[in-house]
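This report refers to the structure that appears directly beneath it.
The values are calculated or read from the model by the stated rules, or taken from the named source; none is laboratory data. From a predicted model like this one, the values you see are computed outputs, not experimental measurements. Backbone-built Cβ (ideal geometry, glycine too); neighbour counts: all protein chains shown. Note: areas computed on protein heavy atoms with side chains; ligands, DNA, RNA excluded. Shrake-Rupley method; radii C 1.70, N 1.55, O 1.52, S 1.80 Å.
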Amino acid sequence: MSANFLVRTIGILLAALLSSLAAAQTFSSLLERSVVNDPTLLGARTVVDVAGARKRQAVGGLLPQVSGTANTNANSRDYQTRASSQPSAQDRYNSNAYQVSLTQPLWRYANIVGWQQADKIAAQADHQLAGAEQDLFVRLLQAWFDVLAARDNGLFTTQQTLAAQRNLATVRRGEKMGTYSEPQLEDAKAKSNQAMADALTAETEIQLKVAALEQIVGALRGFVPPFMRDWVAIADPAVEQMEVWLERVQMQHPNVLATGKALEAASDEVRKQRAGHQPTIDIVASHGKNSQAAGGFPGQAGYDIKTSAIGLQLTLPIFSGGAQSAKVDEAIAQQEKARHDLEAARRGALLSGKQAWLGWQSARMRAVAGAQMVRSAEAMLELARQGLEQGLKVELDVLQAQQNWRAALRDYRKARYEQMVSYAKLKAATGNLTPADVQMMDALFIPGEEPMPKKSPRPPAPVAQDEKAT
């Protein structure tokens, strides 16, 4: 199998992979799919449903409890007396009864606290769902840009392979003519083999990144990664100081809000368990009927008895073997744990906010440097093309210049991808990702073929933070 055949095969496989994934889809369309397919988000929604059901259960503890019972029996009675003058008797008869009972709590402090606690738990679930929705946006965006970065690297490795193959052909001809040595030929072969291995690795990486995206949105058919507009301005969170963002993070991070509600619920649990030492007062009422076809003694007629009653019932716990006190101690320990969880969530939110803000700054600097590298690579590519036309350069020089330009463009785009992911993480940390952000993402991409600008605009110079503040 020839090396040229391998190069063509790699190019065909890469093109087939990108085209087999076949019609361009927007970020918003993938987000819509992920909302109904992502297991993590669907799981968070079920937690909200569970919390709603528990809230209804808690409300039920404050409402009347009505129950009914009924029975019917076939009876057999053998009556033997100890007096010889009295004959024995046997009866076969039916008896039945029903009763309806009602209990209306008047004072059950544990039930009142449980109702209040259920509200906190429902609010906690709502915050968790909001956090899951924000996290889904970030995870989808990260997977989306991972596919784009893998695609960009695949385009670079294809160009690298073509340049390495052309170099190998040149060295092979030169070795036969004596202008290149055997070691140079071996070196060219090694570089060609390495380039082909890199191209195959890049192809595999694309497939893996698409598979990771499918874990969020479900099976993808007819998906072609679009191209991000290379020179359009993107969102800049650095228009505000990092401290301003961090203050929002502490106040609005969904996880902080959720753990705050968890602490309130844990405090309610302490009150509820302490209420186990208090008396309870209920209104109790009952109505029933007892029917029997025969009386209590042989010869007696059957009867129907109806009874009704209503009153107050006081229940006073006296001693439970220390179980209730142990429950109080457990609730206090859980409350302390919830307090530590809240502090951990607050610190974690601050860390994620700092990482996102500083990550954006770092990616921005690399994007600025990358833009300059693209301009430089474009200039060198144009120079190589002009040299080829004038006979001063060979085709290999143009291929190598194209390889350098493709590498610079790959690195520049990757930095911009990281900028967008960091921006999304920062907004998610404040719980403030909105549909407008989805529309902004859609506006950044171009479906179809890769745009190939003739000239790249000059990259913006980095601005110091103190200059932004002024």
Matching option when the condition is outside any helix (DSSP H, G or I), on the phi < 0 side of the Ramachandran plot and not basic (K, R), among D152, D91, D135, D126
D91
Do we find that S325 is of a type in the set (G, A, S), in a helix (DSSP H, G or I) and free of Cβ contacts under 8 Å to residues at least 60 places away in the same chain in this structure?
yes
Go through (1) open to solvent by 70 Å² or more (accessible area, probe 1.4 Å); (2) within 24 Å of the chain's Cα centre (by Cα); (3) within 30 Å of A266 (Cβ to Cβ) for G353 and report which single condition fails.
(1)
All but one of (1) of a type in the set (S, T, N, Q); (2) surrounded by fewer than 13 Cβ atoms within 10 Å (Cβ to Cβ); (3) under 29 Å from the mean Cα position of the chain (by Cα) hold for N73, so report the exception by its number.
(3)
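Just give me the residues in region 23-50 being hydroxyl-bearing (S, T, Y) and open to solvent by 50 Å² or more (accessible area, probe 1.4 Å), in sequence order.
Hits for region 23-50 are T26, T40, T46.
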Taking the condition under 27 Å from G448 (Cα atoms), touching a residue at least 12 places away in the same chain (Cβ under 8 Å), among the hydrophobic types (A, V, I, L, M, F, W, C) and crowded, with 21+ Cβ neighbours inside 10 Å, does I234 pass?
no
Filter the helices (runs of 4 or more DSSP H) completely within region 372-470 down to those with at least 3 residues that are within 33 Å of the chain's Cα centre (by Cα) and either on the phi > 0 side of the Ramachandran plot or modelled with pLDDT of 75 or more (or both).
395-429, 435-443
Looking at (1) open to solvent by 50 Å² or more (accessible area, probe 1.4 Å); (2) acidic (D, E); (3) over 30 Å from D442 (Cα atoms), can you tell me which one E133 breaks?
(3)
Condition check for A293: modelled with pLDDT of 95 or more and among the hydrophobic types (A, V, I, L, M, F, W, C):
no
In this structure, is S286 without any contact (Cβ under 8 Å) to a residue 60 or more places away in the chain and farther than 30 Å from S422 by Cβ?
no
The conditions are (1) over 30 Å from Y417 (Cα atoms); (2) open to solvent by less than 30 Å² (accessible area, probe 1.4 Å); (3) in contact (Cβ under 8 Å) with a residue 60 or more places away in the chain, and G359 fails exactly one of them. Which is it?
(1)
